[in-house]
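Everything below concerns the one structure shown next.
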Amino acid sequence: MNFYVTYFIIAAGLFAFVGAFTLFGVYAERKISAFIQNRLGPTETGKFGSLQTLADIVKLLQKELIIPAAADKVLFLMAPGIIFIAVYLGFAALPWAPGLVPSHINIGLYYIFAIISIETLGILMAGWGSNNKYSILGAMRSAAQIISYEIPAGFAIISAVMIAQTLNLQDIAMQQGILSAEKTKFLGLWDVSATGGILAWNVFQAPHLLIAFVIYFIASLAESNRAPFDIPEAESELVAGFHTEFTGPQFALVFLAEYSMMFLVSMVGVVLFLGAWNTPLPNIGSVTLATWTTGTIWGIIWILIKTMSLVGVQMWIRWTLPRLRVDQLMNLCWKVLTPLAFACMLISGVWRLWVM
């Protein structure tokens, strides 16, 4: 019985975190976009407009749930829940600090990408169930985009997995710092097992993993339907894409899923390539900075800083680059990113055999 209580508390805690991050993320995006466009952003509701997103959530929850007369009611009602749950369940395998992971799964990385793939099904259900031409076009675009970009993202992930030799995200995190039981070499040459810090991160263990990280990050933008890959929601062409007909709590769930996905893919990128919860500060002689800044509290702080930084870059890109056309998006995926990611995977095999 105690196990079930523990599971419930962990699930509730993760949901509370997702909700809090979404509130913060929407506010941060408004302020970042305002700064980039030389505007003020929200200013009236709360100090510096800080309560604006809370007011928006209250407004959404009070709105009437409208189901179009010609819609498939079952698909229409189920879609937002499936989209959100598929993303939310991915948080179960993410490591937050040494010894702190909601579910210690040996194939955690495989689990995450298997479970978030279900989001595509929810998006298709949303488009088809709405019985709206804009919605179905947005859903088909989204399905084509997500399925396409999962291939270079998968190759980039395999590149890191081949170096780490495990699918357990906590083990991958452990290998990138002073707590590693294996030798860690900077660029495959210099043993930095005792030094730790930024020199032990995966992107510096093998030079091609830096390219793999860039490929993964670009593909993660497409996975999250973020600009410049937001053609499924292109308001200039499709009103709002696959969620055009959704209002109130249903729209809130879709919105929650988008920001949850931003955090999820960013945190997976941090765990695989940027040292996870390990400190960026190295041990230098008698000044053991890495040792001092490694632990449960420090781990949570470091992984949040790194993940939030990537989320900030996602927002920066959204308000800087124009949206790609469909043909440009597919050309980038199949002609550039997929061959590069495949090459990184092959190099990882050679690197593991001959250098490490």
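How large is ³J(HN,Hα) for each residue in segment 133-144, as worked out from phi by the Karplus curve 6.51 cos²θ - 1.76 cosθ + 1.60 (θ = phi - 60°), to whole Hz, x for Gly and Pro?
5, 5, 5, 5, 4, x, 5, 5, 4, 4, 4, 4
Can you tell me what the convex hull of the Cα atoms of segment 85-131 projects to on average, as an area in nm²?
Numbers: hull surface 13.3 nm².
Convex hull of Cα atoms, orientation-averaged projection: 3.3 nm².
What's the extension gain from residue 121 to residue 61 if we count 0.36 nm per residue and subtract their Cα-Cα distance?
So the chain would gain 19.1 nm between residue 121 and residue 61.
Using a 1.4 Å probe, what is the accessible area per residue for segment 12-127, in Å²?
Details: 5930 Å² over 116 residues.
Per-residue value: 51 Å².
Taking 8 Å as the Cα distance limit and 6 or more residues as the minimum spacing, I'd like the relative contact order of segment 177-335 as a percentage. Mind dumping the intermediate values first?
Details: 191 pairs, mean separation 42.3, N = 159.
This gives 27 percent for segment 177-335.
Over the Cα atoms, compute the radius of gyration (one decimal) and Dmax (the largest Cα-Cα distance, rounded to a whole number) for the chain, in Å.
So, for the chain, Rg and Dmax equal 21.1, 72 Å respectively.
Over all Cα pairs of segment 142-236, how is the pair count split among 10 Å bins, expressed in % and running from 0 up to the last occupied bin?
Per 10 Å bin, starting at zero, the Cα-Cα P(r) for segment 142-236 comes out as 16, 38, 25, 15, 5, 0 percent.
So if a site counts as exposed when it's one of the trypsin sites (Lys or Arg not before Pro), its DSSP state isn't H, G, I, E or B, and it has at most 12 other Cβ atoms within 10 Å, what's the longest stretch of the chain without one?
Segment 40-182 is the longest.
Give me the one-decimal Kirkwood hydrodynamic radius in Å for segment 277-356, with the sum taken over alpha-carbon pairs.
16.7 Å
Take the eigenvalues of the Cα gyration tensor for segment 1-96, scale each by 5, and report the square roots as semi-axes in whole Å, largest first. List each step's numbers first, then the result.
Details: eigenvalues 171, 109, 36 Å².
Largest first, segment 1-96 gives 29, 23, 13 Å.
Would you please state the base-10 log of I(q)/I(0) at q = 0.13, 0.15, 0.20, 0.21 1/Å for segment 189-327, with intensities from the Debye formula using one equal scatterer on every alpha carbon?
Each listed q corresponds, in turn, to -0.68, -0.82, -1.17, -1.24.
On each of the three principal axes of the Cα atoms of segment 249-299, give max minus min coordinate, whole Å, ordered largest first.
Extents along the principal axes, in whole Å: 56, 21, 10.
Step through the table entries 183/306; 63/133; 31/59; 185/306; 306/335; 31/335, compare each Cα-Cα distance with 26 Å, and write down the pairs that go over it.
306/335; 31/335
Could you give the accessible area per residue of segment 204-356, probe 1.4 Å, as a whole number in Å²?
Values: 6150 Å² over 153 residues.
Using a 1.4 Å probe on heavy atoms only, each residue of segment 204-356 averages 40 Å².
On the protein heavy atoms, probe 1.4 angstrom, tell me the percent of accessible surface of the chain carried by carbon and sulfur.
For the chain, the apolar C and S fraction of the accessible surface comes to 72 percent.
Let me check I have the definition right: for segment 182-226, take the eigenvalues of the Cα gyration tensor, multiply each by 5, take square roots. What are those semi-axes in whole Å, largest first?
28, 10, 6
The values are calculated or read from the model by the stated rules, or taken from the named source; none is laboratory data. This structure is a prediction, so every number in the text was calculated from the model and none was measured. Because the Cβ atoms are built from the backbone with ideal geometry, glycine has one as well, and the counts that use them run over all protein chains shown. Calculation scope for accessible area: heavy atoms of the full protein, side chains included, ligands and nucleic acids excluded. Shrake-Rupley method; radii C 1.70, N 1.55, O 1.52, S 1.80 Å.
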